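Just below is one structure, and these are the notes that go with it.
The values are calculated or read from the model by the stated rules, or taken from the named source; none is laboratory data. Note that the structure is predicted; figures quoted are calculated from it, not measured. With ideal geometry, Cβ positions are generated from the backbone for all residues, glycine too; neighbour counts draw on all protein chains shown.
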Amino acid sequence: MRRTTPRRSLVLGALAVPLALALVSTTDAASAAAPRGTDTVNVVGYSVVSGVFTKLETAFQGTLAGKNVAFNNSFGASTTQANDVVAGQAADVVNFSTEPDMQILVDNGLVGPKWNSTGAGKAEGGFVSDSVVVIVVRPGNPLHITGWPSLIKKGVQIVTPDPISSGSARWNLLETYESQIIQKKTPAAAAKYTNALVKNVVAEPSSGSKSLTAFLAGTGNVLLAYESDASAAIAAGKAVKVIYPAQNILIQTPAALTTTGSTNKGAKAFFTYLFSPKGQSIWAHNAFRPTLKIVATATKALFPHNYRPAALTTIAKLGGWPAVINKFFSTNGIITKIEQAHGWTS
């Protein structure tokens, strides 16, 4: 069951995969042409947010500001999506799974350098929603998975996305390592544990959504996923069980207006709506943890585990994304080498 997806080099030191790859990549889903409206807003995002954006857009169109706004959507693996925008994919509002993917657009002049400190969302640092990593298992939890220690046992077959194309994968593998550091293990022990876990990986689809699809279709017996994706599967009646590990990471997903979006009246109004109390409530009711404090407080009962951000691993605590990329995902990064050792890169 090894190597179920084509592989590429896991080099993220430049915070992007080569543009040539973007030119031949495809998104998980792109909407058909939207109905005519005064303003057409092109939304580009990572795969897992496809469903919630449909609900956000419908609700926004019911407001005075959104009355004559139409949408075109494209959702797929986060880094692939970012590179597609650079390659010419129309985008007014973007929502990626990691800041490095947003930085790709900043570096190419498609998003302003102050995207997270001005305008709507500045109080939230540009992060439109939060999440955590969960462990998804088969009904009845036949392998008796309880947390990170269970994932290196014999017989465990893990599905997690491809860290070249997917931000979800980077969050999963980063917390795999950091779960050991939180427990006061040495860096060597954390690397050994991560190696043992990756040894049990049987599939690395290109995105978080494709990983969930593969798991639901019968691949593997454990899935590492966003809390929101797992919750959506349960809400849809899928027979899975979610395990919340004792150690976790605060997943913060950035959103921004592009240079074209900043001159699009409909895009600006919709972007503001994403961070508004009404918009943030929609995020919350679709299992994405809201970043607007008043809504986060009002909706905390919606989330099974009320993780306190101060108790979680965060990118800030790890020195910021450039340091994280260099340490874990660059040519000589810890996770790059582990992935290569198990044949997941070519």
Check your understanding: of a type outside the set (Val, Ile, Thr), in the same structural domain as Leu174 (by TED's automatic domain parsing), surrounded by fewer than 24 Cβ atoms within 10 Å (Cβ to Cβ) and closer than 26 Å to Glu99 by Cα: does that describe Ala232?
Key -> yes
Review point. Is the range 287-302 home to any residue that is under 18 Å from the mean Cα position of the chain (by Cα), surrounded by fewer than 20 Cβ atoms within 10 Å (Cβ to Cβ) and over 28 Å from Val202 (Cβ atoms)?
Key: no
Practice item. Report, by residue number, each residue of the range 104-129 that is under 16 Å from Gly45 (Cβ atoms) and either of a type outside the set (A, V, I, L, M, F, W, C) or touching an Asp or Glu at 6+ places or on another chain (Cβ under 7 Å) (or both). Key: Gly121, Gly126, Ser129
Practice item. Would you check which residues across the range 313-346 are within 20 Å of Gln247 (Cβ to Cβ), part of a loop (DSSP other than H, G, I, E, B) and free of Cβ contacts under 8 Å to residues at least 24 places away in the same chain and list them? Key: Ala316, Lys317, Gly319
Review point. Just one of the numbered conditions (1) assigned by TED's automatic domain parsing to the domain that holds Trp171; (2) without any contact (Cβ under 8 Å) to a residue 60 or more places away in the chain is not true of Gly140; which one?
Key: (2)
Exercise for review: Could you please let me know if Ser262 is in contact with a helix residue (DSSP H, G or I) (Cβ under 9 Å, 6 or more places away or on another chain) and modelled with pLDDT of 95 or more?
Suggested key: yes
**Study point:** From Ile325, Ile334, residue being aliphatic (A, V, I, L, M), over 18 Å from the mean Cα position of the chain (by Cα), outside the structural domain of Val49 (by TED's automatic domain parsing) and crowded, with 19+ Cβ neighbours inside 10 Å
**Key:** Ile334
Exercise for review: Return a yes/no flag: does the range 254-267 have any residue that is of a type in the set (Lys, Arg) and touching a Ser or Thr at 6+ places or on another chain (Cβ under 9 Å).
Suggested key: yes
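From Pro290, Pro245, which residue is assigned by TED's automatic domain parsing to the domain that holds Ala91 and not basic (Lys, Arg)? Don't jump to the end; show me each part of the working.
On the way: Pro245 fails: assigned by TED's automatic domain parsing to the domain that holds Ala91.
Result: Pro290 is the single residue among Pro290, Pro245 that is assigned by TED's automatic domain parsing to the domain that holds Ala91 and not basic (Lys, Arg).
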Check your understanding: Taking the range 166-218 as the search range and keeping residues that are under 20 Å from Ile249 (Cβ atoms) and of a type in the set (Lys, Arg), which one is surrounded by the most Cβ atoms within 10 Å (Cβ to Cβ)?
Key -> Arg170
Check your understanding: Just wondering, is there one or more residues in the range 297-312 that are touching a Phe, Trp or Tyr at 6+ places or on another chain (Cβ under 6 Å) and either outside the structural domain of Val242 (by TED's automatic domain parsing) or at pLDDT below 95 (or both)?
Key -> yes
